[in-house]
Amino acid sequence: MLVVTDLVKRYGTVQALDGFTLNVAAGEIVGLVGHNGAGKTTFVEIVSDLIRPDSGHVTIDGKPPSATRGQVGVAPQHIALYPSVTVREHLELFGRLAGLRPAALSAAIDDLAGILRLSEIMDRRTGKLSGGQQRRTQAATALVHRPALLLLDEPTAGADLETRQAMLDVVKQRAGEGAAVVYTTHYLPELTELQATIAVAQNGRVIARGTYEDLAKDLPGEVRVTLEDEEEISVSTTQPTATLIELLGRLDRPISSVDVRHPSLDDLYRSLAVHDAC
Ligand code: ATP
């Protein structure tokens, strides 16, 4: 659905993208992760036709970004709402711009109000909303016209648990209906909940792509068992669950707590950075 090949983008001496390649299928959620400055937002801006690459190609359903605006929904990283305009007016505006007819628009707004928990703030001006409420409103403007491609750039940055859950629910719903989704984040648990495949960006390109299980299978996690006498046993292992079971079978003293740490995104970045440098 989305085919991105070899994007290059330079800002003066900064190489923001350096051969960025990524394909996303219909119904697939790709979690795009990477350190600050890896090029994620630049990629999102090019696909949403806000900026042009120096070279490389993007097609959305076979067409260039300039010909597909109604098919793409974008929630930018930084809140971009009109402060004196209400939530409902935003959704009506974005829906009409995408060509929705009144009945379809009204049904779409009702649906989003439910899943993104907007009903109680629908007639409030966005400038007076909390950060999380603004995030949910911004996501709704990207979703109201049911785009075939969704680009969500850190949609849960600074969000509370309710907003985070609402965002995950709506992303799962839309991918289930066939939308291709690119979801940038710094939170690995969100991607496991979304059952997303992962693309790791570094220095302007995607250096690893696959499921979390594939990418993390050789990375050690940690099993930590604390005994009632306060002795702590800590084991680094690529198979935390099996190691924990084996450890518990061997211990004959009372245990006060058990902690299993699976590999994190930082562990993944570190291992890839080492491989990339080789
Ligand atoms: P973050 O996780 O912090 O959002 P990112 O992966 O989205 O980072 P980008 O915002 O795409 O990274 O930035 C990639 C590089 O390009 C960075 O070095 C950034 O400083 C630079 N850059 C991005 N936009 C501009 C711009 N408009 N002018 C100059 N440099 C820019």
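Readers should treat all values here as calculations from the given coordinates under stated rules, not as data from a laboratory. Remember, it's a predicted structure, so these values are computed and weren't measured experimentally. Note that we place each Cβ from the backbone using ideal geometry, even for glycine, and neighbour counts take in every protein chain shown.
Count the net charge of all other residues whose Cβ sits under 11 Å from the Cβ of GLU89, scoring Lys and Arg as +1 and Asp and Glu as -1. Intermediate values should be presented prior to the final figure.
Details: positive: ARG88, ARG96, ARG124, ARG125; negative: GLU92, ASP123.
So the environment of GLU89 carries a net charge of +2.
Considering just Cα atoms, how many Å³ per residue does the convex hull of the chain enclose? Before the final figure, lay out each step's value.
Values: hull volume 45.4 nm³, N = 278.
Once divided by residue count, the hull of the chain is 163 Å³.
Which one, VAL223, VAL171, VAL87, has the greatest fluctuation when you compute a Gaussian network model over the chain with C-alpha springs under 10 angstrom?
Residue with maximal mean-square fluctuation among VAL223, VAL171, VAL87: VAL223.
Ordered by residue, what ³J(HN,Hα) values in Hz, to whole numbers, does region 95-101 give under the Karplus form 6.51 cos²θ - 1.76 cosθ + 1.60, where θ = phi - 60° and Gly and Pro are x?
x, 5, 4, 7, x, 6, 7
Helix 131-143 versus the longest principal axis of the chain: what angle, 0 to 90°, nearest 10, using Cα atoms?
60
Pairs LYS172/LYS217; LYS63/LYS217; LYS128/LYS172; LYS63/LYS172; LYS40/LYS128; LYS9/LYS63: which exceed 27 Å Cα-Cα?
Details: LYS172/LYS217 25 Å; LYS63/LYS217 37 Å; LYS128/LYS172 29 Å; LYS63/LYS172 25 Å; LYS40/LYS128 29 Å; LYS9/LYS63 20 Å.
In this structure, LYS63/LYS217; LYS128/LYS172; LYS40/LYS128 lie more than 27 Å apart at Cα.
Which residue fluctuates most in the GNM of the chain (Cα springs below 10 Å): SER236, SER119, SER106?
Among SER236, SER119, SER106, the largest mean-square fluctuation in the Gaussian network model of the chain belongs to SER236.
Excluding GLU228 itself, what net charge comes from residues whose Cβ is under 14 Å from its Cβ, given Lys and Arg +1 and Asp and Glu -1?
Residues close to GLU228 contribute a combined charge of -4.
With just the Cα atoms defining each centre, how far is region 61-83 from region 100-165? Give it in Å.
Computed from Cα coordinates, the inter-centre distance equals 15 Å.
Which net charge results for the neighbourhood of GLN15, defined as the other residues with beta-carbon distances under 11 angstrom from its beta-carbon, given Lys and Arg at +1 and Asp and Glu at -1?
Numbers: positive: LYS9, ARG10, ARG205; negative: ASP18, ASP54.
Its environment carries a net charge of +1.
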